[in-house]
Structures are given as C-alpha cells and as structure tokens.
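Working notes for the structure below.
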Amino acid sequence: MLIYILEDDENIREIERYTLRTNGFEVKDFELPQAFYNALSNKKPDLIILDIMLPGEDGLTVLKSLKANNAYAEIPVIIISAKTTELDRVKGLDLGADDYLCKPFGVMELVSRVRARLRKLGKKEAYTYCGIELSDSERSVFADGERVELTYKEFELLKLLIGKPKTVFSREAILGSVWGYDDNLGRTLDMHINTLRKKLGSKGRYIVTVRNVGYKLEKEDKNEA
C-alpha cells in the first residue's frame, strides 16, 4: 500500500514516514503542494496524509482540489493538524477528509487509523432498502428511481444506515464511523441527518430518530408497500 504525506514540518514528516514504513507501508513524503501534485499525476497513492498549514497553498485547498477531481476523489485522506478546535475539525471532515488527527499524536494511533481507512477500500458494495438504492463502487444513490446528489459525508452516513437496516446506531458510533472519531459533534450529525432526509424526499422518513440514542433506517409502517 502506497501512502503520500504532505507535511511541511520536517521533524513530523520524518516521524510519520518512519512509523509507516516500519509497519510495512510504502511511503513518499512531500514538503510542498506542487511536488505532491506532480507525484500524484504520475501515480495515485492508496491513502494521503495531509497537513493543513502549508506554505503557498493550505491543506484545505488541497483537499478541495482532490475531492473535486474524479481521478482522486476516492483516495482516503487523513488530516493531521495542529488546528484542534471543533470548527477546524468539522470544516476538514465536511470537505471530505476521512479522518482528523490532532497534533501531537500517538504513532500507533496513526497506524491504527491508517489501517482502518485502508480496510474500507475493499468494501465496495451495493445496497437496496425500500426504494433507496446505494452503489458504493459507483458512488451513486437513487430514491424511487431518481438520482440523489449527496455530499461525501451524507453518502457515508446513508451507507452506514442502509448497510444494516433496523439497526440502531448510537450517535457516538455514527461519528466514529463516518467522521473518524467520537468527539461531541452532535449538531453536525443532526444537520447532516436533516439534509439527508430532505434529499431522499418521501424516502427520508425511513431515517428514524431513536430518542436519546441515535438513528436507524427502518420502514416503521409495516403495512406500507
């Protein structure tokens, strides 16, 4: 598995490179965004580790560019940053980052999060439930035959729910799976649930709130076709 690191701090870059290589990963690291883009055009990595505060072009701009390009949009991105506020983390995750790790970080936690994200690469499946169709490989969603355009996080949220219909997912479990950690981001989760319901139209009612627990996907009216 090939991992690209874009980090301007030489000491941190060295720690990340050494840790990942000693755990069996192939690693290429870059100090500047342009060198990173040049390498990316030649060979796509399996995962990208991205710093936010970079010279010339900040990491969030790099992330936007990646997610806007179909050739790179599916590459998992883990942000590692000294920006540790809730707003910083929400911004990075909502732009499409798969995980957000704050500096200083534990090297074994880094390895664990990298492995977790890479495991998900092999799980490309299709799901159907009550007129909602989701294709992981095509990154597509249809409700009653009509295509639904979702953001990256909305897609991952629906995929979690539709993967196990009728299963109640706690708020902490959803945040941990979709946002990569279980910090208190309840308002962000509620916002995504509400938007997802609206985008699914009449099928949005199947996303059920379980009071004081979390959410599930279930057709509550057993007589409904």
For the stretch 1-106, just say rounded, prolate or oblate: build the C-alpha gyration tensor, square-root its eigenvalues into a ≥ b ≥ c, call rounded for a/c under 1.5, and beyond that prolate if a/b exceeds b/c, oblate if not. rounded
For the stretch 58-191, list log₁₀ I(q)/I(0) at each q in 0.17, 0.22 Å⁻¹, using the Debye formula over Cα point scatterers of equal strength and ignoring solvent, two decimals each. -1.00, -1.57
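Treating only the Cβ atoms of Lys and Arg (+1) and Asp and Glu (-1) as charged, compute the dipole magnitude of the stretch 2-121 about its Cα centre; round to the nearest 20 debye.
Computed about the Cα centre, the dipole is about 500 debye.
Counting other Cβ atoms within 10 Å, keep those with at most 14, restrict to DSSP loop, and tell me which trypsin sites (Lys or Arg not before Pro) in the stretch 86-149 are left.
Within the stretch 86-149, the qualifying trypsin sites (Lys or Arg not before Pro) (loop, at most 14 other Cβ atoms within 10 Å) are LYS123, LYS124.
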Set LYS83/LYS198; LYS83/LYS216; LYS103/LYS216; LYS43/LYS159; LYS166/LYS199, cut-off 27 Å on Cα-Cα distance; pairs above it are LYS83/LYS198; LYS83/LYS216; LYS103/LYS216; LYS43/LYS159
Relative to the first principal axis of the alpha-carbon coordinates of the chain, what is the inclination of helix 59-68, with its axis defined by its Cα atoms, in degrees from 0 to 90 and to the nearest 10? 50
So for the chain, considering every pair of alpha-carbon atoms, how many percent are separated by more than 30 Å? 27
Ordered by number, the GluC sites (Glu not before Pro) in the stretch 148-214 that occupy a DSSP loop and have at most 12 other Cβ atoms within 10 Å are GLU149
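Grab the eigenvalues of the alpha-carbon gyration tensor for the stretch 126-217, scale each by 5, take roots, and send me the semi-axes largest first in whole angstrom.
20, 14, 12
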Other-chain or far-sequence residues with amide H under 5 Å of VAL27's (modelled H): ILE3
Under 15 Å Cα-Cα from LYS44, which aspartates and glutamates qualify once same-chain neighbours fewer than 8 residues away are excluded? GLU26, ASP29, GLU74
Explain nothing, just compute: Karplus ³J(HN,Hα) = 6.51 cos²θ - 1.76 cosθ + 1.60, θ = phi - 60°, for every residue of the stretch 78-85 in order, whole Hz, x for Gly and Pro. 10, 7, 10, 9, 7, 7, 10, 6
Whole-Å distance, taken between Cα centres, linking the stretch 199-215 and the stretch 1-45: 40
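Report the FRET efficiency, 1/(1 + (r/R0)^6), for ASN212 and VAL107, where r is their Cβ-Cβ distance and R0 is 45 Å, rounded to 0.05.
For R0 = 45 Å, the calculated efficiency reads 0.75.
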Compute the angle between helix 186-199 and the longest alpha-carbon principal axis of the chain, please, reported from 0 to 90 degrees and rounded to the nearest 10. 60
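Apply 1/(1 + (r/R0)^6) to the Cβ-Cβ distance of ALA126 and ALA35, taking R0 = 25 Å, and write down the FRET efficiency to the nearest 0.05. Could you put the intermediate results ahead of the total?
Numbers: r = 38 Å, r/R0 = 1.52.
Efficiency, from the Cβ-Cβ distance: 0.05.
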Out of all DSSP beta bridges with both ends in the chain, state the antiparallel percent to the nearest 5. 50
Cα-based helix-to-principal-axis angle, 10-22 vs the chain, degrees rounded to 10: 70
So what is the relative contact order of the chain, in percent, for Cα pairs below 8 Å that sit 6 or more residues apart? 13
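Only the coordinates and a few stated rules stand behind these numbers; no lab work does. Quick caveat, the model's predicted, so the values are computed rather than measured. Cβ: placed from backbone, ideal geometry, glycine included. Neighbour counts: every protein chain shown.
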